[in-house]
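Structure record follows, encoded as structure tokens.
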Amino acid sequence: MNVYDFDNTIYDGDSTVDFCKYCMKRYPFVIAHVFPVGLSGISLAIGLSKKDRFKSVLYKFLKRIPDVDDAVEDFWNGHRKNVQKWYLDQKQETDVIISASPEFLLKPVADELGVILIASPVDKKTGKLLGPNNSNEEKVRRFTEIYGDGLDAGARMADRIDEFYSDSDNDLPMARLARRAYKVKRGKISPWNV
């Protein structure tokens, strides 16, 4: 199987940022939420809070969206084009997308692509994280929880992951699990020596 990060990898841009911008345009009252997110972002940047806390503050605007499913559907109607052609050309049914973005946001596009999704669990009505943000080592833990069964003590996860693709060094723990890893920068793919 091949495993892919989503944002800035197979999706041109950051889907969470794009969804937030979309919501600010469609629901102007969401703009009032920018100040708390900014403060939380500063707190994260200077090390006073963790990424999970920042994400919880970021997603609180969802409480103000009348129908999140409708907003997500409309968002993808305009942003589906951001899924990169190089990925569509090599997509396989056994692909896994593993992302820190919210599951409710990526599920429609993952379902449409016919691939498996492992993403951050977020309550779409309250914006609360329902588990750890799916990044760094958490991606490895979640992937292993799902796909580690059946491996004997001598087997390695590389027996399961043929290729891994990401734009970010944060995904180094996942890249180390694969037989081959690739770095994606602006749609250009190069071998990632991990």
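The values are calculated or read from the model by the stated rules, or taken from the named source; none is laboratory data. Just so it is clear, the structure is predicted and the values come from calculations on it, not from any experiment. We place every Cβ from the backbone using ideal geometry, glycine too, and count neighbours over all the protein chains shown.
Quick notes on this structure:
- Extreme residue, modelled with the lowest pLDDT, among residues of segment 139-155 that are farther than 15 Å from ASN170 by Cβ and in a helix (DSSP H, G or I): TYR147
- Test: residue in segment 116-138 that is assigned to a helix (DSSP H, G or I) and at pLDDT 90 or above: yes
- Residue identified as over 18 Å from the mean Cα position of the chain (by Cα) and either basic (Lys, Arg) or over 25 Å from ARG186 (Cα atoms) (or both) among LYS91, LYS63, LYS50, LYS81: LYS63
- Unmet criterion (only one of (1) modelled with pLDDT of 95 or more; (2) of a type outside the set (Lys, Arg); (3) under 20 Å from ASP171 (Cβ atoms)) for PHE54: (1)
- Of the residues making up segment 163-188, those that are part of a loop (DSSP other than H, G, I, E, B) and modelled with pLDDT under 95 are SER168, ARG176, LEU177, ALA178, ARG179, ARG186, GLY187.
- If you go through segment 158-169 and pick out every residue that is of a type outside the set (Phe, Trp, Tyr), under 17 Å from THR144 (Cα atoms) and either touching a helix residue (DSSP H, G or I) at 6+ places or on another chain (Cβ under 7 Å) or in contact (Cβ under 8 Å) with a residue 60 or more places away in the chain (or both), you end up with 4.
- Checked against (1) at pLDDT 95 or above; (2) of a type in the set (Phe, Trp, Tyr); (3) more than 17 Å from ASP12 (Cα to Cα), TYR59 passes all but a single condition, namely (1).
- Restricting attention to segment 123-138, the residues being of a type outside the set (Ser, Thr, Tyr), more than 12 Å from the chain's Cα centre (by Cα) and either crowded, with 21+ Cβ neighbours inside 10 Å or over 23 Å from TYR4 (Cα atoms) (or both) number 5.
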